[in-house]
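Below is one structure, written out as structure tokens; the observations come after it.
Here, each number is a calculation from the coordinates, and none is a lab measurement. Predicted model, so just to flag it, every value in this text is computed and none were measured. Neighbour counts run over all protein chains shown; Cβ positions are idealised from the backbone, glycine included.
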Amino acid sequence: MNYLDLLFSPKGTIKPQPFAIIVIAIYAINILGGSVLDGGAIKRVGMWPYVILQIVLTWVWFVAHAKRLRDAGRGYVVAATIAFIYAASIIVMINLVAGSTAPVADTVDPKESKVTLIGTIFAVLFINTLFTGDIFLISLLLFLFIGLPLLFSTIVVIYSIVTGARASLTPEPLANPAVAAPPTERPKSPFS
């Protein structure tokens, strides 16, 4: 099996050790890719490199989990659902980041504005919390921006660990088939 089939084709099976290597690499690349997602990077290169990276990583994640689950004799509907939810959350996050880096036009020239939409929303909710003493709105917003993604990430990592720990049902290939099978004896000929 070549590397393209291993990473991009959902057909076949995969053993726990290569699965663990692939999944750890996916999570590491995803963390590194997300760490460069800030307003400056988006303004310099745009959002498309990050979107393409997330599409590729989501597909490779699904392929690895589908193969591993097939190797364990399980279906991959849960893996497909998690990949779909992740893709939908990436779309929402991209819209939020695009909205958070969009300047609020408080001057004649919008390029001179240093105030962002998300910053404005947090400032208004913080001031509302100070004056009313009600922390519900800002707590809800913090949960949506921080708590919910951390909860989903924790669930996905636990799912990957459980998937990788499942017992393999496919037999191990024999290293040297000629040694493993005893040679068949030829029937003795009456002429010899």
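Once Rh for the stretch 3-168 is found with the Kirkwood sum over Cα pairs, what is the Stokes-Einstein diffusion coefficient at 10 °C and 1.306 mPa s, in µm²/s?
Here the translational diffusion coefficient equals 87 µm²/s.
For the stretch 69-96, list residues with backbone N below 20 Å from a point placed 7 Å from the Cα of K15 toward its Cβ? Under cut-off, by backbone N: 69-74.
Between L6 and L150, the distance separating the two model label sites (each 7 Å from Cα on the Cα→Cβ line) works out to 3.5 nm. Cβ-to-Cβ counts within 10 Å put R70, R44 in ascending order as R44, R70, the fewest first. Once both labels are positioned 7 Å from their Cα atoms along Cα-to-Cβ, the gap between V56 and F143 label points is 3.7 nm.
Once C-alpha pairs closer than 8 Å and six or more residues apart are averaged by separation and normalised to the residue number of the stretch 3-168, the relative contact order reads 27 percent. Here the residues K43, K67, ranked from fewest to most Cβ neighbours within 10 Å of their Cβ, fall in the order K43, K67. Taken along the Cα-to-beta-carbon direction at a fixed 7 Å, the label points for E172 and S35 span 3.7 nm.
Taking the Cβ of each residue in L137, L130 as the centre, tally the other Cβ atoms inside 10 Å and list the residues starting with the fewest.
Details: L137 15, L130 9.
Starting with the residue having the fewest Cβ neighbours, the order is L130, L137.
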